[in-house]
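The values are calculated or read from the model by the stated rules, or taken from the named source; none is laboratory data. In this text, all values refer to a predicted model and were calculated from it rather than measured experimentally. FYI the Cβ positions are ideal-geometry reconstructions off the backbone, even for glycines, and counts take in every protein chain you see. Accessible surface areas use protein heavy atoms only, side chains included; no ligands, DNA or RNA. Shrake-Rupley method; radii C 1.70, N 1.55, O 1.52, S 1.80 Å.
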Amino acid sequence: MDRLSCYVLLLLSFFCFRLDLSWSLQTRFNRAPNNQGSSDLANLVYHMGPVLSSPIKLYIIWYGNWNSTHQATIRDFLNSFSSPALSPSVADWWKTVRLYTDQTGSNISDSLSLSGEFFDSRLSNGVRLNRLSMQHIIKNAVTSKPSPLPLDPRNGLYLVLTSSDVQVDEFCRAVCGFHYFSFPSIVGATVPYAWIGYSGTQCPGVCAYPFARPLGAPPPSAMGGNDIMRPPNGDAGVDGMISVIAHELAESSSNPLVNAWYAGDNPIAPGEIADMCLGLYGSGGGGGYVGKVSTDAGGNGYNVNGVKGRRFLVQWVWDPVKKRCFGPNAMD
């Protein structure tokens with residue numbers, strides 16, 4: 001895993017993968033049933049860099065040809081961070097992220113607002129992308145006429161979301177998403193950003209677990225029944241993407257310049273606050289079991305509520321006070 005991002009969820013039902021700054025398939029480990037995280041990642045250290053303590057303005061760049069229903073689901077999720085909803089809520093989940101502070105004692109902001117969208121359906125950088133392409137996509141979004149996104153180095157956090165018809169290097173093979181910061185020489189300023197891809201058609205068993213069967217897993221009859229969880233918003237790809245977005249938002253906010261909160265000695269491949277809890281969504285989780293989560297009348301799995309009656313399944317993050325993985329649906 002290289003810088004800021006690593007997403008790929010639980011390949012076989014016995015393993016969890018780790019996200020460095022990108023969800024990666026290369027380092028997998030069994031989770032302990034007490035949700036304490038792996039012993040080699042638990043030494044989370046503050047490296048004196050900034051966190052996102054000012055109100056966070058989220059700017060989406062929709063890259064490719066997007067399904068409008070999927071876009072609506074993602075918008076509702078992002079609008080749930082600062083809006084009231086039934087408990088446990090998306091806003092409740094963010095309270096754990098907010099426990100992280102900078103050297104002045106300022107906490108990560110409790111204000112996240114969807115502040116702008118840019119539609120790059122013409123594929124300004126083509127259909128095959130690499131990590132550096134994301135910065136050129138942001139540059140295009142903040143310079144295109146007549147309605148560019150603002151270039152907002154004080155409050156902006158940019159989300160590059162790629163559709164099913166876009167190929168990204170390492171996507172599905174090594175990562176499901178990543179976060180980093182832009183270079184002024186390309187974008188015009190240093191801003192934190194994250195990329196997340198839609199995996200519904202390319203690799204649902206890799207990036208949309210637990211809503212799709214992991215590649216190579218035994219058939220249902222060999223696993224004691226149908227163990228695949230149903231997605232709360234009706235699409236494995238977008239519901240899996242929601243958890244990856246949450247993961248990257250948590251780490252972009254707590255380690256935006258790769259010099260704040262992470263474990264390990266290597267900032268190029270650190271263990272961040274969501275990496276430590278990859279694959280955990282509820283109490284008792286570990287070893288490939290997501291933990292205790294709720295199900296609705298249709299049997300769809302979720303652990304947090306959002307706006308408009310939406311429900312989402314979002315992975316837990318490391319709680320620096322409790323010293324363990326935690327989420328608002330915890331039973332203890």
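Structure notes:
- Residue in region 100-107 that is at pLDDT below 95, open to solvent by less than 10 Å² (accessible area, probe 1.4 Å) and assigned to a loop (DSSP other than H, G, I, E, B) present: no
- For region 106-127, filtering for residues that are more than 21 Å from the chain's Cα centre (by Cα) and among the β-branched types (Val, Ile, Thr) leaves 1.
- Some residue of region 70-92 being surrounded by fewer than 17 Cβ atoms within 10 Å (Cβ to Cβ), assigned to a helix (DSSP H, G or I) and not charged (D, E, K, R): yes
- Positions within region 95-114 being in contact with a helix residue (DSSP H, G or I) (Cβ under 9 Å, 6 or more places away or on another chain) and in contact (Cβ under 8 Å) with a residue 60 or more places away in the chain, in sequence order: Thr96, Val97, Tyr100, Ile108, Ser109, Leu112
- Taking the numbered list (1) under 20 Å from Val258 (Cβ atoms); (2) part of a strand (DSSP E or B) in turn, Leu161 passes all entries but (1).
- Residue count, region 309-329 (criterion: closer than 18 Å to Asn255 by Cβ, within 15 Å of the chain's Cα centre (by Cα) and in a strand (DSSP E or B)): 2
- Flag for Leu58 being closer than 25 Å to Pro270 by Cα and in a strand (DSSP E or B): yes
- Taken over region 114-128, residues that are open to solvent by 60 Å² or more (accessible area, probe 1.4 Å) and in a loop (DSSP other than H, G, I, E, B) amount to 3.
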